[in-house]
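A short reminder: the numbers here are calculations on the coordinates, not readings from a lab. Worth saying up front: this structure is predicted, and the values here are computed from it rather than measured. Here the Cβ positions follow ideal geometry from the backbone for every residue, glycine too, while neighbour counts run over all protein chains shown.
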Amino acid sequence: MKSPMNPDDSPSRREFLKSSAVVMGAVAAPYLLFQRESFAANSATLKVGLIGCGGRGSGAANQALAADKNVILTAMGDAFDNRLQGSLKALQESSGKQVQVTPDHCYVGLDAYQKVINSGVDVVILTTPPGFRPAHLKAAIAAGKHVFCEKPMAVDAPGVRSVLESAAEAKKQGLAIASGFCWRSNMGERAIMKRIHDGQIGQIRALYNTYNTGPVGGAPVRKPEMTDMEYQLRNWYHFTWLSGDHIVEQAVHSLDKMAWAMKDVPPVRCMAHGGRQARTGDGNIYDHFEVVYDYANGERGFHFSRQQANTASENADYYVGSKGYGKIKAFGALELDGENPWKFQGERPDMYQVEHNELFASIRSGNPINHGVWMASSTMLAIMGRMSAYTGQVITWEQAMNSQEVLAPLQFDWNTPLTMPKIAIPGVTKFI
């Protein structure tokens, strides 16, 4: 029987680590940079469907088409027609004949994702607001589709559990799941992480990361004719049920690098602060977070993220080891200091393109990649931090993984009445 004072040996944590080993077994060589020549193994045309036609979706579709000369885009879906048509026009201009989306394969509405999946595509790109991601991933895998899944993968614990189930099902079916955690596809980050994992700075003692930037998402604008659902969907970043809050939607990149450095072993617990000082208007997301993560062997991870105008910006990661320390500046220097100093000097091809090169090469090779477990774990790191900040409580990994809180409304249609969600108050808001 485990001691209540030793939650690192909790059933949820043991089961998570066990499932990690099973699913990660599908990825024998996770960090290979595949070249276009690898596609010769299978010359069949692959049809791609885009679900979520915002800026990130359009970018991901372009990268998918650039990854393989025998890939075509045949279906697109979005909640809003104007967003779909704008994306389609841009993609036609950038990718030419590889865009073969006819009017009857342009799907609009809250059920557009299922119509894209059912349209005869082989690969789907999931880039809707994150609140929809678990359901869309589940539907895609159930239909036998390979998936590119943008981060984060969920906004609450039931969503994370659904993603883990989909990852296990994808492994059974031999389907690929590639994540949008792009830094894991950057050659510089891969190089420094390999050296950290090989012990060049010794045993990790502490990890510190920042994602401090200005406001994201614009100011919510409501037109008189908008229903509650349309208003919140068009301003999705500002609502936790859709975005997860900015620690989950944006700063999760930094937490993913922390998880990567820790070889994707989850922490035992976390304690967080957060609030809404500068953000005004509708919505219920915070504008700053600070989280401390405690790991089983005494390591501590420190996270700071902020979205406030006219404040100092930084996006960086620091790793303190027993023999030195490492530093990653986003889009900048990567270096190790201490007993064995090192600086990355190699090439850094577009990490967004590498994501898709490797996805399509793995499909062609018959050895589909499956990022399911670690992408779910990194997502949970961010959700766990938000839970602690919202409630003001220490949250264990076991509590976070077993949370029953579902953020989304129970019903989805354009006329569903949605009240303005309350802003969480630490010490008042309860953990569910």
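Grab the DSSP H runs of the chain that are 4 residues or longer, score each as -39,500 (n - 2.57), total them, divide by all residues and round the 222 nm result to the nearest 500 deg cm²/dmol.
The per-residue figure over the chain is -10500 deg cm²/dmol.
Using Cα pairs closer than 8 Å and at least 6 residues apart in sequence, work out the relative contact order for the chain, in percent.
Computed value for the chain: 22 percent relative contact order.
Lys and Arg at +1, Asp and Glu at -1: add these up for the other residues within a Cβ distance under 11 Å of PRO134 and post the number.
+1
Please give the length that would be gained between ASN70 and GLU169 if that part of the chain were fully extended, namely 0.36 nm times their separation in residues minus their C-alpha to C-alpha distance (nm, one decimal).
Residue separation times 0.36 nm, minus the Cα-Cα distance, leaves 32.9 nm.
Looking at this model, which pairs from LYS329/LYS430; LYS97/LYS151; LYS263/LYS329; LYS115/LYS145; LYS194/LYS329; LYS69/LYS194 are more than 25 angstrom apart at the alpha-carbon?
Cα-Cα > 25 Å for LYS329/LYS430; LYS97/LYS151; LYS69/LYS194; rest within.
Could you work out how far the C-alpha centroid of segment 181-229 sits from that of segment 104-140, in angstrom?
If you average the Cα positions of each part, the centres end up 25 Å apart.
Return an integer: the convex hull volume of the alpha-carbon atoms of segment 303-411, in Å³ per residue.
249
For ASN402 and MET226 in one chain, what is 0.36 nm times their gap in residues minus the Cα-Cα distance, to one decimal in nm?
Between ASN402 and MET226, full extension yields 59.8 nm more.
From the Cα trace of the chain, what convex hull volume per residue do you get, rounded to a whole Å³?
Cα-based convex hull of the chain, divided per residue, equals 146 Å³.
Could you check the spin-label model distance between ALA219 and ASP337? Points 7 Å from the Cα along Cα→Cβ, value in nm.
4.3
Compare the Cα positions of ILE196, ASN186, MET271 along the charge dipole of segment 144-303 (+1 at Cβ of Lys, Arg; -1 at Cβ of Asp, Glu; about the Cα centre) and return the one farthest towards the positive end.
ILE196
Projecting each Cα onto the charge dipole of the chain (Lys/Arg +1, Asp/Glu -1 at the beta carbon, about the Cα centre), which of TRP241, VAL406, TYR211 comes out farthest on the positive side?
Most positive-ward Cα: TYR211.
Please enumerate, by chain and number, the aspartates and glutamates with C-alpha under 20 Å from the C-alpha of LYS323, excluding those fewer than 8 residues away in the same chain.
GLU189, ASP198, GLU299, GLU335, ASP337, GLU339
Taking Rh as the Kirkwood radius computed over C-alpha pairs, what is the Stokes-Einstein D of segment 159-246 at 20 °C in a medium of viscosity 1.002 mPa s, expressed in µm² per second?
Using the Kirkwood radius from Cα pairs, D works out to 121 µm²/s.
Report D for segment 361-429 in µm² per second (integer): Stokes-Einstein, Kirkwood Rh on Cα pairs, 37 °C, 0.692 mPa s.
215
Two decimals is fine: what's Rg over Rh for segment 127-278, C-alpha atoms, Kirkwood radius as Rh?
1.01
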